[in-house]
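**Q** Supplied in structure tokens, the structure appears directly below.
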Amino acid sequence: MNKIHENWSEIERAEELAREKTGDPKAGFNASTFWFGERHLMIPCLYRKKKGKKGQEVFTKSYSEIMLYAKYCPFSGKPLYEEE
């Protein structure tokens, strides 16, 4: 997929706001993630797992994290990539 650079502007604005609010010059989405080639946007989604016997499951108190690949900007709704 090819990145649509102009559609990343809202993401970059949100990251700049995070840097201003926190004082951390490296604050941003996926700041600790290393990518080969261009940068991608992954959005963390928290969820609780189920435990217990089948039919009597309950959700755990603690949360787990799953990363979702964003194809559209969550702020503008514009596509971030174009199909090759």
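**Q** Taking Cα pairs under 8 Å and at least six residues apart, what relative contact order does segment 2-79 come out at, in percent?
**A** In percent, rounded to a whole number, it is 29.
**Q** Specify which labelled value, from [x] 161; [y] 96; [z] 199, agrees with volume of the Cα convex hull per residue in Å³ derived from the coordinates of the model shown.
**A** [x]
**Q** If you take the charge dipole of segment 2-79 about its Cα centre, with +1 on Lys and Arg Cβ and -1 on Asp and Glu Cβ, which of ILE43, ALA14, PHE29 is farthest toward its positive end?
**A** Final value for the positive-end residue is ILE43.
**Q** Under unit Cβ charges (Lys, Arg +1; Asp, Glu -1), what dipole magnitude, rounded to 20 debye, does the chain have relative to its Cα centre?
**A** 940
**Q** Which one, ILE66, ILE11, ILE43, has the greatest fluctuation when you compute a Gaussian network model over the chain with C-alpha springs under 10 angstrom?
**A** Fluctuation is largest for ILE66.
**Q** Please give the calculated 222 nm ellipticity per residue for the chain, where each DSSP H segment of at least 4 residues contributes -39500 (n - 2.57) and the sum is spread over every residue; nearest 500 deg cm²/dmol?
**A** That comes out to -5500 deg cm²/dmol.
**Q** Against the longest principal axis of the chain, how steep is helix 9-22, in degrees 0 to 90 to the nearest 10, with axes from Cα atoms?
**A** The answer is roughly 70 degrees.
**Q** Looking only at GLU15, GLU57, GLU65, which one moves most when the chain is put into a Gaussian network model with springs between Cα atoms under 10 Å?
**A** Residue with maximal mean-square fluctuation among GLU15, GLU57, GLU65: GLU57.
**Q** Have a look at LYS54, LYS21, LYS71 and tell me which one the Gaussian network model of the chain (Cα, springs below 10 Å) gives the largest fluctuation.
**A** Residue with maximal mean-square fluctuation among LYS54, LYS21, LYS71: LYS54.
**Q** Count of lysine pairs in segment 2-79 with Cα atoms under 29 Å apart, counting only pairs 8 or more residues apart in sequence or on different chains?
**A** Lysine pairs satisfying the spacing and distance rule in segment 2-79 number 14.
Values quoted throughout were computed directly from the atomic coordinates according to the rules given, and no laboratory measurement underlies them. This one's a predicted model, so the numbers in the text were calculated from it and none came from an experiment. Note: ideal-geometry Cβ built from the backbone for every residue, glycine included; neighbour counts use all protein chains shown.
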